[in-house]
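**Student:** Starting off with a structure, shown below.
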Amino acid sequence: MSFFRYLRDRAVAIYITALSLLIVVLVLRGVGTEDSIVALVSGILLVAAVLRLLVGYVPRSEFWNLLVASALVPHEASPLAVADLVDEPRFLEGQLAWEVMDALAQDYRARVDAIRAEGADYRDFVEAWVHEVKTPIAAARLVCDNNPGQASSTVSRELGRIDGYVEQALYYARSGSLDRDYVIRRVEVSALVHGAVRAHARSLIDQQVSVRTDGLDMMVFADVKWVAFVLGQLIENAAKYRAPREWGRDEALLCFAAVRYDEGLANERVVLKVTDNGRGIPASDLPRVFDKGFVGENGRLTSLGKSTGIGLFLVKRLCDKMGLSVGMESVEGSWTRVSITFPTNRMHYVDRLD
């Protein structure tokens, strides 16, 4: 708050003070007081008025300037949290403003706590529901496996799709926070890849997709479950969008390769590249592949089954939550490559939980 703005705010009081001073001078002159005495009294009153303005300006200026500066700083909780950053002032209007902000902040925190509790209850419900529904799905698939046949094979594939959607629901609910079921440990890339391939072997076999690996003997820091889900989504996409057999490809391939960059430097990282020789993605669709609900041209092909546009959205969201960067490049009709970058500095992942 500038001093001139403060003076404008106190204009009425200044006018009254000046008028009072003028009246005092006129009265003193009217009763025959000496000019030196009039000047002395006027000077004392004038100095007192100026000091009163300054004494009132300094604390107000400090309070309002600090309040404005605090409000301009981004707050994760709420802009209303500035009441926690500014001490309660000693002048009346500042105290009233501070009390209002503090009351609003407390109400906001109560509402946020209620919303968080509701979200936690929803996540708990989804997780419990997922674990319960997986049991009958597993039982039904076991029945299909024990009764081989065309019908059982078809039902088993549909159960696999249901299981995949259930898994998406689970990780969608969990993706809102890393405070639960998130454990970072040192693990070999090959363990992550082979675990995901085994979990989705049925889809790869059904679509006759061969898997190749290269350089997966590198160690990274990762949450095994979360990364397995991410890789699972990429594997399912590679199987679903493999090149049509009429294209005459000798073999449908899904390749996993790990490369280390800037070894020994602060930004050392391991990049896992997942490449398939499937349909590829049109250049116009690439900028939006990680958008929620985006299906693109391939997703609208009825021959490939309905696409939800959630899988790659979850891949990007989970990678962001874990502090991993993910990118995609593709040539339509030729290949698609997804690159996941694992920083090798463990503190990078610890900071995600702060």
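Just so you know, all these numbers are worked out from the coordinates, no wet-lab data involved. Fair warning: this is a prediction, and the values are worked out from it, not measured in the lab. Cβ: placed from backbone, ideal geometry, glycine included. Neighbour counts: every protein chain shown.
**Student:** Assign unit charges at the C-beta atoms only (+1 for Lys and Arg, -1 for Asp and Glu), then state the dipole size of segment 183-351 relative to its Cα centre in Debye, rounded to the nearest 20.
**Tutor:** 500
**Student:** Mind giving me the FRET efficiency for Arg288 and Ala18? R0 is 56 Å, r the Cβ-Cβ distance, nearest 0.05 is fine.
**Tutor:** 0.25
**Student:** In segment 183-351, what % of DSSP beta bridges are antiparallel (nearest 5)?
**Tutor:** 80
**Student:** Between Ser61, Ser42, Ser153, which gets the highest mean-square fluctuation from a Gaussian network model of the chain, Cα cutoff 10 Å?
**Tutor:** Ser42
**Student:** State the extension gain, in nm to one decimal, for the chain segment bounded by Leu40 and Ala11, taking 0.36 nm per residue of separation less the distance between their alpha-carbons.
**Tutor:** 8.0 nm
**Student:** Let me ask something else about it. Which whole-number percentage describes the relative contact order of the chain, with Cα contacts under 8 Å and a sequence gap of 6 or more?
**Tutor:** 11
**Student:** Could you work out how far helix 224-240 tilts from the main Cα principal axis of the chain, as a 0 to 90 degree angle to the nearest 10?
**Tutor:** Result, in degrees: 60.
**Student:** Taking Cα extents along the principal axes in Å as the quantity of interest, determine which of (1) 54, 46, 41; (2) 93, 86, 29; (3) 123, 45, 38 was computed from the displayed structure.
**Tutor:** It is the one labelled (3).
**Student:** Using θ = phi - 60° and the Karplus form 6.51 cos²θ - 1.76 cosθ + 1.60, what ³J(HN,Hα) does each residue of segment 248-256 get, whole Hz, x for Gly and Pro?
**Tutor:** Per-residue couplings from phi come out as x, 5, 5, 7, 8, 10, 10, 10, 10 Hz.
**Student:** Using the number of other C-beta atoms within 10 angstrom as an exposure proxy, rank Glu236, Glu34, Glu246 with the fewest first. Spell out each step's value before the answer.
**Tutor:** Values: Glu236 19, Glu34 10, Glu246 6.
The most exposed by this proxy come first: Glu246, Glu34, Glu236.
**Student:** Report relative contact order for segment 211-296 in percent, whole number only (criteria: Cα-Cα under 8 Å, sequence separation at least 6).
**Tutor:** Reported as a whole number, the value is 30 percent.
**Student:** So how tilted is helix 92-146 from the main axis of the chain? Cα-based, degrees 0 to 90, rounded to 10.
**Tutor:** So the helix axis and the longest Cα principal axis differ by about 10 degrees.
**Student:** Could you pull out every residue, at least 5 positions away or on a different chain, whose amide H is within less than 5 Å of the one on Phe342? Hs are placed 1.01 Å off N in the peptide plane, and Pro or chain starts have none.
**Tutor:** Result for Phe342 returns Val270, Val271, Leu272.
**Student:** Separate question: Using r as the Cβ-Cβ distance of Ile205 and Leu104, and R0 as 41 Å, what FRET efficiency do you calculate, to the nearest 0.05?
**Tutor:** Step by step, r from the Cβ atoms, then E = 0.10.
**Student:** Go ahead and set up a Gaussian network model of the chain, Cα springs under 10 Å, then flag whichever of Gly56, Gly32, Gly299 fluctuates most.
**Tutor:** Gly32
**Student:** Counting only DSSP beta bridges with both residues in the chain, tell me the antiparallel percent, nearest 5.
**Tutor:** 80
**Student:** Quote the FRET efficiency, to the nearest 0.05, computed for Tyr122 versus Ala49 with a Förster distance R0 of 45 Å and r equal to the Cβ-Cβ distance. Display every interim value, and only then the final one.
**Tutor:** Working: r = 63 Å, r/R0 = 1.40.
Between Tyr122 and Ala49 the formula returns 0.10.
**Student:** Please give the contour-minus-distance gain from Tyr261 to Leu92: 0.36 nm per residue of separation, less the Cα-Cα distance, rounded to one decimal in nm. It would help to have the intermediate numbers written out before the result.
**Tutor:** Working: separation 169, 0.36 × 169 = 60.84 nm, distance 6.12 nm.
Here the answer is 54.7 nm.
**Student:** Give the residue from Val338, Gly195, Gly280 lying farthest towards the positive end of the charge dipole for segment 183-351; charges sit on Cβ (+1 for Lys and Arg, -1 for Asp and Glu) and the dipole is referred to the Cα centre.
**Tutor:** Farthest along the dipole direction, towards plus: Gly195.
**Student:** Angle, helix 150-174 long axis vs. longest principal axis of the chain, Cα atoms, 0 to 90°, nearest 10?
**Tutor:** Roughly 20 degrees between the two axes.
**Student:** So, one more: Test of understanding: in a Gaussian network model of the chain with alpha carbons linked when under 10 Å, which of Ser152, Ser339, Ser20 would top the mean-square fluctuation ranking?
**Tutor:** Ser20
**Student:** For Lys240, which aspartates and glutamates qualify as cross-link partners when the Cα separation must be under 20 Å and same-chain residues fewer than eight apart are set aside?
**Tutor:** Glu158, Asp163, Glu167, Asp206, Asp250, Glu251, Asp276, Asp285, Asp291, Glu297, Glu329, Glu332
**Student:** Using a 10 Å cut-off around each Cβ, can you sort Asp285, Asp214 from fewest to most neighbouring Cβ atoms?
**Tutor:** Fewest to most other Cβ atoms nearby, the residues stand as Asp214, Asp285.
**Student:** Can you compute the label reach from Arg161? Point 7 Å from Cα along the Cβ direction, backbone N cut-off under 16 Å, restricted to segment 221-244.
**Tutor:** From segment 221-244, the list is 236-242.
**Student:** Test of understanding: ordering Thr17, Thr154 by Cβ neighbours within 10 Å, fewest first, what list do you get?
**Tutor:** Working: Thr17 18, Thr154 11.
Fewest-to-most ranking of Thr17, Thr154: Thr154, Thr17.
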